[in-house]
Each structure stands twice: as structure tokens, then as C-alpha cells.
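Before any comments, here is the structure.
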Amino acid sequence: MKYEIYIFEEVKTASFYKKAIAEYEKRLSRYCKIACRFVKKEREWEKLLAEAADAGNVCLVQPGPDSVTSESFSQTIGQWEMSGQGKKQFFIPAAHFAGMEGGSTPKYHKDDTDDIDDTEDSGDKDKTENTEILNLSDFTMNTAMTAMILYEQIYRGYRILNHHPYHK
């Protein structure tokens, strides 16, 4: 399985987050391929998100009350592995993209399907249906911290799936 994690970077990411992400990339290399990319321009972000939505492998990471447990996330990882889709792209938006702090809701948020007119042939509906939402926590965190936690949870998920102890 290949994972791509896109992070909208509003401010320069602290080096300790990048070191932690690099450590989890090393640990995850025995289970999957994973890469992280920091995106600084809104236009590039929207283009990447639209392309991934067209391919049907988007997972939007944002705060919310329906957070998952490590065990249920590991089952989700197992389902992705078994589905044969091969790639999952995670998008970690800045607060103003994710509808927080007075911003707007993301363009391809699942809840937007209620606002789409079924009589009209809209390409956005297909994109919405192909977007998963992952809520790691109710807390609003900076994007690098969210990425670090996502990496840790992917690692923990693979450890659970493979019946390996998490702590060495």
C-alpha cells in the first residue's frame, strides 16, 4: 500500500515535527510506502485535492467529534489493503480550509452531498462520494502536529494488524 500525505503549510514547520515524521517513515517502511509533501500555495492544494478526488482515494483529515480508535483505524487500514486500491491520499488542510476559525467548509466534504441537486449532473457529487473524512481528535491542531499524529496512528494500525507489540 502507498500513502501520500499532503499538508497545507501556512507557516514554516518546526524541525522536531519533521524529525518525528522521518522516524515514522523509517518504521513504516517494513509495512508500506509513505511520503509526505508540504504544500504552500492554495491553488496547488486545490488542484491536488481535485485530482485525488477524481481518482477516488482521498481521505480528508480534520478535527471533529467522530474520532476513531486505534483499533478501528487499523481495521480500516486492513480494508484499504484488501480492497486492492493500492494508494490512499491524506489531505491535512489549514484551519481556514477545514471550516474552523470562521473559514469555509472544504470543497469535497461528505456533508456537501445534501446541497447537491440530484437532477443536475454534477461532477462534484462523484468527488464528494469518493472522499473519506478522518477525525483524529476534537482538538484543532497545527497541520504538522496533525501529520505527526496521523503517521503515528498509521504505524500503530500496522502494528495492531500484524499482532506486533506497539512498544519495543
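Observations
Conditions (1) at pLDDT 90 or above; (2) touching an Asp or Glu at 6+ places or on another chain (Cβ under 8 Å); (3) not aliphatic (A, V, I, L, M), marked per residue:
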site: Lys12; (1), (2), (3): no, no, yes
site: Ala22; (1), (2), (3): yes, no, no
site: Glu25; (1), (2), (3): yes, no, yes
site: Cys32; (1), (2), (3): yes, no, yes
site: Arg43; (1), (2), (3): yes, no, yes
site: Glu46; (1), (2), (3): yes, no, yes
site: Gly64; (1), (2), (3): no, yes, yes
site: Ile92; (1), (2), (3): yes, no, no
site: Met100; (1), (2), (3): no, no, no
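- Residue within the stretch 31-39 that is charged (D, E, K, R), touching a helix residue (DSSP H, G or I) at 6+ places or on another chain (Cβ under 6 Å) and either closer than 12 Å to Phe90 by Cβ or not in a loop (DSSP other than H, G, I, E, B) (or both) present: no
- Search result, residues across the stretch 154-168 that are within 14 Å of Glu23 (Cβ to Cβ) and either without any contact (Cβ under 8 Å) to a residue 40 or more places away in the chain or aliphatic (A, V, I, L, M) (or both): Ile154, Lys168
- Within the stretch 120-168, considering residues that are aromatic (Phe, Trp, Tyr) and loosely packed, with under 13 Cβ neighbours inside 10 Å, the one modelled with the highest pLDDT: Phe139
- The residue that is surrounded by the fewest Cβ atoms within 10 Å (Cβ to Cβ), counting only those in the stretch 44-57 that are touching a strand residue (DSSP E or B) at 6+ places or on another chain (Cβ under 6 Å) and under 14 Å from Lys2 (Cβ atoms), is Asn57.
- Hits in the stretch 56-72 - residues which are outside any loop (DSSP other than H, G, I, E, B) and closer than 17 Å to Met141 by Cβ: Cys59, Leu60, Val61
The values are calculated or read from the model by the stated rules, or taken from the named source; none is laboratory data. All values reported here derive from a predicted model rather than from experimental measurement. We place every Cβ from the backbone using ideal geometry, glycine too, and count neighbours over all the protein chains shown.
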